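**Q** One structure follows; several queries about it will come next.
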Amino acid sequence: MKSLGKFLIFAGQLFVRRESFKTYVSLVIDECIKVGYNSLFIVTIVSVFMGAVVTVQTAYNLVSPFIPDYVISLVVRDMTVLELSPTIIAIVYAGKVGSNIAGELGTMRITEQIDALEVMGINSTSYLVLPKIIASVLMYPMLVVMSGFLCIYGGYLTSIATGIISGHDYIYGIRYEFIEFNITFALIKAFVFALLVASISAYKGYFTTGGALEVGKSSTAAVTNSCIAILLADYLLAQLLLG
Amino acid sequence: MIEIQDIKKSFNDKEVLKGVSATFEDGKCNLIIGSSGTGKSVLLKNIVGLIQPDSGKILYDNRDFTSGDKKDQSEIRREIGMLFQGSALFDSKTVEQNIMFPLDVLTDMSKEEKIERVNFCLDRVGMANVNNKMPAEISGGMKKRVGIARAIVNKPNYLFCDEPNSGLDPQTSMVIDELIKEITDEYGITTVVVTHDMNSVIEIGQKVIFLYKGLKLWEGSNKDITHSGVKELDDFVFANRMMKEFR
Ligand SMILES: Nc1ncnc2c1ncn2[C@@H]1O[C@H](COP(=O)(O)OP(=O)(O)OP(=O)(O)O)[C@@H](O)[C@H]1O
Ligand SMILES: [Mg+2]
C-alpha cells in the first residue's frame, strides 16, 4: 500500500516542471529506437515460432472429419489477436525493455547521475522517465501489430511446409467471421501493457538504493512485477471488454 | 557567500545533522572535514537542495534557498556547479555532450558558442582533444577532470565538490586539488569541498569546518588546525599525520 502511494506520487511527478518541448521530442525519438527498433529481432523470432507451434498444435487437437480445415487457421487467428500477440509478447517485452529501463535508471541513480540532473535544476523524473513511457506506448502497439502478422504468417508457412492444411484453406479461415473489435481490443491491451511495463520498471529503477547488486535486484523486480501486472490487467480487460 | 543556519536533518529517527551553522566565503576553498559517517555528504546535499532539511536556513548571498520559492531556487541552481564523488558523468553521452549538457538545458547559447565554451573548459582542466570519448573509455582521474569541466562550464558562482580525490592516487589527488584551488582563485567563486583527506586540508584549506557526529565542533584555517585544542579534531588530524609519518 505504501509503495502504491509512492508510485502514484512518482507518476504525478512526471508531469511537473517540464523542459522545452523540443528536448522531449528528441528524447522520445531516442527512446523509441531503444524500445522499439531494438526489440524487432526478438519479437520477430518469438512471433514466427509461436504461429508455427500454435498451428501444429491446433491441427493436432482438431483431427475430426466433422471439423473443416479452415477452422484451424481461424483458431490461430483469434488466439493470436486476442492473446498471443498482445500478452505473450508483452511478457517478452517486459523481459527485454523492462529490465533495460530498470537497469539504466538504477545505474544512473547509484552513480549519482540522477543527482547531477537534479542539481542542474532538471526534474529528473520527467526528463528520464516520461520519454521512456511515451516511447513505450507508441512503439509497443506497433510491435503487437507486427507480431500478429508474423505469427499468422508463421502459421501459414508451417501449414504449407507440412501440408497440415492447404494455403487456400488457411487464408479462407483467416478471413472467416472476422470480428473487427478484436483488433481494437488487442490494441487497448497493448497500450495498457506498454504503460505498465514502462512505468513499473522505471519506478523500480528510479528508486534503487545501494550498489551494483541492488541494480540487478531492481531489474529482476521490474520484470517480475511487470509480468504480474500484465497478467492481472489481462484478466481485468478481458472481463471488462469481452465478459 | 553561502550561509547555513541551524540545519537539522534526520532519517527515520536517526538524527544525522543536529543543527549545523556555518558560512562559506567568496573566492575561497571552504572545506568540510570529518570522519566517515558524520554527515558531510548529507550536509552538502542539503546545501545544494538534493535533500530538504528538516529545519534551518540556507542563504546564497542573502537569497533564501529554503523558502520554497521555485523561481528563486531555479535561479540559484543555475549558479551552482557540482563535482560528484564518482564524477557522475552521463554514460550514454560523450565527454563533449556531457560538458555541453548544462549549457543545453540552462542557456540559449548557439551551437558554436557552446562548442567554444566546452573546448575552453576542457582545455582549462588539461583534457583537450578527448571530446568524442565516452566516459567508460577514460580513467578515474580523467573523469574527475571532465566532471570539473562540466561543473564550471556554465560559469557558476558556487562550486561544490564531494570528495574530489577519493579513489585517486596521491599525485593525481594533488593535481585535482590544485585545479580546484586555481579555478576558485581565478573566477572568485565560492567553493565548498567535502573531504577526509588531510593532504587536501593542508594544501587548499583556506577555511575548514570540522563536523563530528552531526555537529560543527571547530572552524578555522589550515594554519590553525594543528593547535585547535579540540580533542576530537586532534584525533582526526593526528590519526592521519601519524599514518603519514609511519609510511
Ligand atoms: N538517504 C539516507 N537515508 C537514511 N540514512 C542516510 C541517508 N543518507 C545518509 N544517511 C546516514 O547518514 C549518516 C551520514 O552519512 P554521510 O553520507 O553524510 O556520511 P559522510 O560524512 O559523508 O561519510 P563518508 O566520509 O563515508 O562519505 C550515515 O550514518 C548514513 O547512514
Ligand atoms: Mg560522503
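The values are calculated or read from the model by the stated rules, or taken from the named source; none is laboratory data. This is a predicted model, so every value here is computed, not measured. Here the Cβ positions follow ideal geometry from the backbone for every residue, glycine too, while neighbour counts run over all protein chains shown. The area values use the complete protein model at the heavy-atom level, side chains included, leaving out ligands, DNA and RNA. Shrake-Rupley method; radii C 1.70, N 1.55, O 1.52, S 1.80 Å.
**Q** What's the number of the condition B:GLU186 fails, among (1) under 17 Å from B:ILE80 (Cα atoms); (2) touching a residue at least 24 places away in the same chain (Cβ under 8 Å)?
**A** (2)
**Q** Let me ask something else about it. When you scan the range B:115-137, do you find a residue that is open to solvent by 20 Å² or more (accessible area, probe 1.4 Å) and either closer than 30 Å to B:ASP6 by Cβ or assigned to a strand (DSSP E or B) (or both), even just one?
**A** no
**Q** Being on the phi < 0 side of the Ramachandran plot, free of Cβ contacts under 8 Å to residues at least 40 places away in the same chain and not aliphatic (A, V, I, L, M) is true for just one of A:GLU104, A:GLU118. Which residue is that? Give the steps one after another, and end with the answer.
**A** Values: A:GLU104 fails: free of Cβ contacts under 8 Å to residues at least 40 places away in the same chain.
It is A:GLU118.
**Q** Related question: Could you check the range B:1-30 and list, in sequence order, the residues that are in a strand (DSSP E or B) and in contact with a Phe, Trp or Tyr (Cβ under 9 Å, 6 or more places away or on another chain)?
**A** B:ILE2, B:GLU3, B:ILE4, B:PHE24, B:ASN30, listed by residue number.
**Q** Take the range A:128-147 and flag every residue that is buried (at least 22 other Cβ atoms within 10 Å of the Cβ), β-branched (Val, Ile, Thr) and more than 11 Å from the chain's Cα centre (by Cα).
**A** Within the range A:128-147, A:VAL129, A:ILE133 qualify.
**Q** Could you check, for the range B:115-127, whether at least one of its residues is out of contact with any His (no Cβ under 7 Å at 6 or more places or on another chain), of a type in the set (Asp, Glu) and within 14 Å of chain A (Cβ to nearest Cβ)?
**A** Within the range B:115-127 (the criterion being out of contact with any His (no Cβ under 7 Å at 6 or more places or on another chain), of a type in the set (Asp, Glu) and within 14 Å of chain A (Cβ to nearest Cβ)), the answer is no, since none of the residues qualifies.
**Q** Which ones in the range B:31-49 are more than 10 Å from ligand 1 (Cβ to nearest atom) and either open to solvent by 20 Å² or more (accessible area, probe 1.4 Å) or over 22 Å from B:SER200 (Cβ atoms) (or both)?
**A** B:GLY49
**Q** Oh, and also: Check A:SER226, A:SER218 and return the single one that is crowded, with 23+ Cβ neighbours inside 10 Å, under 15 Å from the mean Cα position of the chain (by Cα) and either farther than 30 Å from A:TYR70 by Cα or not aliphatic (A, V, I, L, M) (or both).
**A** The unique qualifying residue is A:SER226.
**Q** Go through the range B:16-25 residue by residue and tally those that are open to solvent by 40 Å² or more (accessible area, probe 1.4 Å) and either within 16 Å of ligand 1 (Cβ to nearest atom) or under 12 Å from B:LYS213 (Cβ atoms) (or both).
**A** Number of matching residues: 1.
**Q** Being part of a loop (DSSP other than H, G, I, E, B), over 28 Å from B:LEU103 (Cα atoms) and among the polar types (S, T, N, Q) narrows it down to one of A:SER39, A:SER3, A:SER64, so name that one.
**A** One residue alone meets the criteria, A:SER64.
**Q** Could you tell me which residue of the range B:150-199 is farthest from ligand 2 (Cβ to nearest atom), considering only residues that are in a loop (DSSP other than H, G, I, E, B) and open to solvent by 50 Å² or more (accessible area, probe 1.4 Å)?
**A** B:LYS155
**Q** So, B:LYS28, is that one more than 14 Å from chain A (Cβ to nearest Cβ), more than 16 Å from ligand 1 (Cβ to nearest atom) and not β-branched (Val, Ile, Thr) or not?
**A** yes
**Q** What residue, of B:ILE33, B:ILE58, B:ILE47, B:ILE7, is in contact with a His (Cβ under 7 Å, 6 or more places away or on another chain) and more than 29 Å from B:ILE115 (Cα to Cα)?
**A** On the way: B:ILE58 fails: in contact with a His (Cβ under 7 Å, 6 or more places away or on another chain); B:ILE47 fails: in contact with a His (Cβ under 7 Å, 6 or more places away or on another chain); B:ILE7 fails: in contact with a His (Cβ under 7 Å, 6 or more places away or on another chain).
One residue alone meets the criteria, B:ILE33.
**Q** If you go through the range B:200-209, how many residues are part of a strand (DSSP E or B) and within 16 Å of ligand 2 (Cβ to nearest atom)?
**A** 1
**Q** Considering only residues that are within 14 Å of another protein chain (Cβ to nearest Cβ) and in contact (Cβ under 8 Å) with a residue 12 or more places away in the chain, look in the range B:31-51 and name the one that is farthest from A:ARG109 (Cα to Cα). Let's see the steps before the verdict.
**A** First pass over the range B:31-51, keeping only residues within 14 Å of another protein chain (Cβ to nearest Cβ): B:41-42, B:44-51.
Checking which are in contact (Cβ under 8 Å) with a residue 12 or more places away in the chain leaves us with B:41-42, B:44, B:46-49, B:51.
Working: B:SER41: 16, B:VAL42: 16, B:LEU44: 17, B:ASN46: 17, B:ILE47: 19, B:VAL48: 17, B:GLY49: 16, B:ILE51: 15 Å.
Ranking the qualifying residues of the range B:31-51, first place goes to B:ILE47.
**Q** Separate question: Restricting attention to the range A:1-34, which residues are open to solvent by 80 Å² or more (accessible area, probe 1.4 Å), at pLDDT below 85 and within 12 Å of another protein chain (Cβ to nearest Cβ)?
**A** A:ARG17, A:ARG18, A:LYS22
**Q** Another question about this same structure. Would you say B:GLY86 is closer than 24 Å to B:ASP234 by Cβ, in a loop (DSSP other than H, G, I, E, B) and either open to solvent by 70 Å² or more (accessible area, probe 1.4 Å) or of a type outside the set (S, T, N, Q) (or both)?
**A** Answer is no for this residue.
**Q** Continuing with this model, one more query. Looking at B:ILE2, B:ILE32, B:ILE80, B:ILE58, can you tell me which residue is among the β-branched types (Val, Ile, Thr) and within 16 Å of ligand 2 (Cβ to nearest atom)?
**A** Numbers: B:ILE2 fails: within 16 Å of ligand 2 (Cβ to nearest atom); B:ILE80 fails: within 16 Å of ligand 2 (Cβ to nearest atom); B:ILE58 fails: within 16 Å of ligand 2 (Cβ to nearest atom).
Only one candidate passes the filter, namely B:ILE32.
**Q** Looking only at the range B:94-114, count how many residues are open to solvent by less than 50 Å² (accessible area, probe 1.4 Å) and facing chain A (nearest Cβ under 10 Å).
**A** 5
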